[in-house]
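Worksheet: one structure, shown below.
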Amino acid sequence: MSRPDADQLLLPDAEADVRPSPQSVAARRALLAHPVVLLVGIVLASVNMRAALASVSPLVSEISQSFGLSSTASSLVTSVPVLFLGLGALVGPWLARRFGSEPVLLFALLLLAGGILVRVVHSTAALYGGGVLVGTAIALLNVLMPGLIKRDFPDKAASMTSVYTGAMIAGATVVAACSVPLEKAFGGSWEASLAVWSLLAVLAAVAWLPQVLIARGRTGHEVRSAAPAGSGEGKSVWRSALAWQVTLFMGLQSLWSYVLIAWMPTIFTDHGMSRSTAGVIFAFNNLIQVAGAFGVPLLAGRMRNQRPLIVLVTSLVAAGYAGLMIAPVSGAWLWAAVLGVGQGGAVGLALTLIVLRSGDARTAARLSGMAQTVGYLLAAAGPLAAGAVHQATGGWTVPIALVLGVCATALAVGLFAARDRTV
């Protein structure tokens, strides 16, 4: 079986089973006649795809003190949104097919802004409820953005992927670096620091509104398309061992990343580092992920099997976590860099494996949905488990040792997923 075309499959489309009508095609051409408006909307929406998650981590200790939360309860502040990243991925494709990507994406940005504001209401129910809204909104953005780029920029999918992933990482980096300084600027109010980022989501929604108006003729004109012969219609990725191996690698690498998103600044501050410095190092970790996220997929596409890259990224992450256990403060910048390259490389490799292990476009879309749903549900357990073990043991040695076990499991699963086979 021939290998899938990378540009065609790298971005699974939430509207893959929809065939546009003439009215839809005309509306899409009108949209593409305003490329600057479209590009600004994509960049601003992408900036929001991690910002609301990254803004919380440097402030977890203040949020916990404000509500009197235990470590386990504190971990839910970051675990709940991740859980709904998986659950939201289930409904995103259906909403896109029913209403069109543009209106649903606008709704997701408004939902994100609302969730951020709900989260800062001084109530534990609102804190967690806002997390539900934030996670659901980001899940919709995760599902819709790649497919929208593939649909509207079919000949520039790779370069536009770089734009949107770069904007996503840049947003997380800036927000992580600014959270603590903003808290101090607002007189010690973590609520105000978090609430500021709702404006970023509102700005993106305003930028997206013209695209919704231009594309409004699309809604209701699409019809479900018949599957072409040999497209993989009827195959169930859920019954494929290879699909499960790819999915588990996606989930395990997401788990170790979300443990860091939830707890990295706290690990540093618990060992005596100032909150401001911890926030800056956390931001640096987010920024350095760009290197791995861009470099590893390029290498993966040139290899028949990706086992050396599986070994590389899991080893880097394991080394970084081991450093956090042995010398968390004195080697903080080094561990943040090593982890960043490993994290970025792992997520880039996980997404590329979806492409390379799929025999056709429909299988790629289904495998992507499976990997996102199961992967994020698995990842949601990471911050919660790390917080519970930290509370039980009073330190970070055991939680980090458990994550090292996750790295070993990811290595074993990844070596199977990296074989030159297709689902």
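The values are calculated or read from the model by the stated rules, or taken from the named source; none is laboratory data. Quick caveat, the model's predicted, so the values are computed rather than measured. Here the Cβ positions follow ideal geometry from the backbone for every residue, glycine too, while neighbour counts run over all protein chains shown. Quick note on the areas: whole protein, heavy atoms, side chains included, nothing else; ligands and nucleic acids left out. Shrake-Rupley method; radii C 1.70, N 1.55, O 1.52, S 1.80 Å.
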Can you find a residue that is open to solvent by 10 Å² or more (accessible area, probe 1.4 Å), among the small types (G, A, S) and within 30 Å of P181 (Cβ to Cβ) anywhere in region 276-289? yes
Subset of region 305-331, residues more than 18 Å from V406 (Cα to Cα) and buried (at least 22 other Cβ atoms within 10 Å of the Cβ), comes to Q306
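Yes/no matrix, rows are residues, columns are (1) of a type in the set (K, R); (2) within 20 Å of S257 (Cβ to Cβ); (3) surrounded by 17 or more Cβ atoms within 10 Å (Cβ to Cβ):
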| residue | (1), (2), (3) |
| --- | --- |
| D360 | no, no, yes |
| A365 | no, no, yes |
| A379 | no, yes, yes |
| V398 | no, yes, no |
| R421 | yes, no, no |
Cβ contacts < 7 Å: first residue within 22 Å of S66 (Cβ to Cβ), restricted to region 185-211; second residue among the aromatic types (F, W, Y), any location; separation 6+ or different chain. Result? A192/F186; S193/F186
Failed condition for H390, given (1) surrounded by fewer than 24 Cβ atoms within 10 Å (Cβ to Cβ); (2) more than 19 Å from V413 (Cα to Cα): (1)
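Take L334 and decide whether it is modelled with pLDDT of 90 or more, surrounded by fewer than 24 Cβ atoms within 10 Å (Cβ to Cβ) and touching a Gly at 6+ places or on another chain (Cβ under 9 Å). Give the derivation first.
Numbers: modelled with pLDDT of 90 or more: yes; surrounded by fewer than 24 Cβ atoms within 10 Å (Cβ to Cβ): yes; touching a Gly at 6+ places or on another chain (Cβ under 9 Å): yes.
It is true that L334 is modelled with pLDDT of 90 or more, surrounded by fewer than 24 Cβ atoms within 10 Å (Cβ to Cβ) and touching a Gly at 6+ places or on another chain (Cβ under 9 Å).
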Checking the condition under 24 Å from C407 (Cα atoms), assigned to a helix (DSSP H, G or I) and open to solvent by less than 10 Å² (accessible area, probe 1.4 Å), which residue from F294, F268 passes? F268
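Residues are listed down the side, and each one gets a yes or a no for (1) touching a residue at least 60 places away in the same chain (Cβ under 8 Å); (2) among the small types (G, A, S):
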| position | (1), (2) |
| --- | --- |
| Q65 | no, no |
| L69 | no, no |
| S74 | yes, yes |
| P103 | yes, no |
| F107 | no, no |
| L111 | no, no |
| L117 | yes, no |
| T124 | no, no |
